[in-house]
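Report on the structure given below.
The values are calculated or read from the model by the stated rules, or taken from the named source; none is laboratory data. Every value quoted in this text rests on a predicted model; they were computed, and no experiment measured them. Cβ sites come from the backbone with ideal geometry, for glycine too, and all protein chains shown count toward neighbours.
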Amino acid sequence: MSVEIKNKKASFTYFLEDEFTAGIKLNGCEIKSIRNGKASITEAYCKMEKGEMWVINMYVEVYPNNGYVKQNPRRQRKLLLTKNEIKKLDKKLKNVGITLVPTLLFISKSGYAKIKFSIAKGKKMRDKREVIKERDVARDIDRSLR
């Protein structure tokens, strides 16, 4: 059974451009919670700090049988990227209005937790209304064809 935790709000709230995949540095009990599907990336974002990439506000539920180890479910987690990828992202982040938004958290075939994130630009309210209108029209057409 594969684990895929999606950020459904990302494509509605942002214009998504380039997509990157990175590994995440986790504790043992955090990877167990992710494998159980007990994580959320809806409120998460990525940030560059001192030449390293971090994912902020990603929620990973505390694993119930983790012994005496106390963990913060919303702690910062380091993203594992190459130097070239970090340089490329740093150049993109210098533009105004650009942010990095996680879109998918998954377990790879080799068993590691990975996160897909995109370079994003915020949508205006009128853009969101257009998306809602297009969705309603498509729904009405599907209903009439049935």
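Within the group Val55, Val96, which residue is within 30 Å of Lys128 (Cα to Cα) and either in contact with a helix residue (DSSP H, G or I) (Cβ under 8 Å, 6 or more places away or on another chain) or surrounded by fewer than 16 Cβ atoms within 10 Å (Cβ to Cβ) (or both)? Answer to the selection: Val96. In the stretch 1-15, the qualifying residues are those that are assigned to a strand (DSSP E or B) and over 12 Å from the mean Cα position of the chain (by Cα), and the one that is surrounded by the fewest Cβ atoms within 10 Å (Cβ to Cβ) is Phe15. Within the stretch 44-64, the set of residues being free of Cβ contacts under 8 Å to residues at least 24 places away in the same chain and not charged (D, E, K, R) comprises Ile56, Asn57, Tyr59, Pro64. Among the residues examined, Gly23 does not qualify as surrounded by fewer than 18 Cβ atoms within 10 Å (Cβ to Cβ) and modelled with pLDDT under 90.
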